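Since the structure comes first, as structure tokens, the remarks are kept for the end.
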Amino acid sequence: MKFVAAMLVSLMTVSAFAQSRVRDGSIDLGNGRSTIRIEIGDDRDEREMLRRVRNLERAVRDLQDQVYQLQAQPRTISLYVCSANFFSVGSIVGKAESRIESVASVIEQCNRRGGGIFCKERDVRCEVSVERL
């Protein structure tokens, strides 16, 4: 039940960012997709209620398809890989999600190995690496 509620909230959020073009109960999104527009109606009319249930089922199915697509895509993360070759210490490499953390890791390793005054930030070189999770 929580999953369905979360999916409906997600659908409402997506609908908030949708373009205003509404056709046959669906909304065209800015990214070229369309989704079902959920409306609150009167429960006294049985046919109307069945139509609303059918629309909810289609909306949930659309959300499920989107979740499956997201799960099928490879997840990646960008990491900063920094390295330096310090005098009397040798080569040191550090990885982190931010450049500052990666550089700090290299300097900290240099100091732990006894590099002392040779552990300078200006000697550290960094590049971005994309890794799969």
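The values are calculated or read from the model by the stated rules, or taken from the named source; none is laboratory data. Computed from a predicted model, the values in this text were never measured in an experiment. Neighbour counts are summed over all protein chains in view; Cβ atoms, including those assigned to glycine, are modelled from backbone coordinates with ideal geometry. Note: areas computed on protein heavy atoms with side chains; ligands, DNA, RNA excluded. Shrake-Rupley method; radii C 1.70, N 1.55, O 1.52, S 1.80 Å.
Under a Cβ-Cβ cut-off of 12 Å, what is the net charge of the residues other than residue 33 that fall near it, where Lys and Arg count +1 and Asp and Glu count -1? Kindly include the intermediate steps, with their values, before the conclusion.
On the way: positive: none; negative: 28, 62, 65.
Net local charge, residue 33 excluded: -3.
Please compute the net charge surrounding residue 72, taking Lys and Arg as +1 and Asp and Glu as -1 over other residues with Cβ under 15 Å from its Cβ. Around residue 72, the surrounding residues sum to +1.
On full extension, the segment bounded by residue 66 and residue 28 gains 12.1 nm, given 0.36 nm per residue less the C-alpha separation.
Per residue, how much accessible area does region 76-123 have with a 1.4 Å probe, in Å²?
Values: 3040 Å² over 48 residues.
Averaged over the residues of region 76-123, the accessible area is 63 Å².
Can you tell me how region 29-107 classifies by the Cα gyration tensor, rounded, prolate or oblate, using a/c under 1.5 as the rounded cut? Note, shape of region 29-107 comes out prolate. Converting phi to 3J(HN,Hα) with the Karplus coefficients 6.51, -1.76 and 1.60 and the offset θ = phi - 60°, region 54-70 yields 4, 5, 5, 4, 5, 5, 5, 4, 4, 5, 4, 4, 5, 5, 4, 5, 5 Hz in sequence order, with x at every glycine or proline.
Can you list the GluC sites (Glu not before Pro) in region 24-133 that are in a DSSP coil and have 13 or fewer other beta carbons within 10 angstrom? Spell out each step's value before the answer.
Values: sites: 39, 46, 48, 57, 97, 101, 108, 121, 127, 131; in loops: 39, 97.
Answer by residue number: 39, 97.
Can you check what the net charge comes to around residue 81, using other residues whose Cβ is under 13 Å from the Cβ of residue 81 (Lys, Arg +1; Asp, Glu -1)? Taking every other residue near residue 81 into account, the sum is -1.
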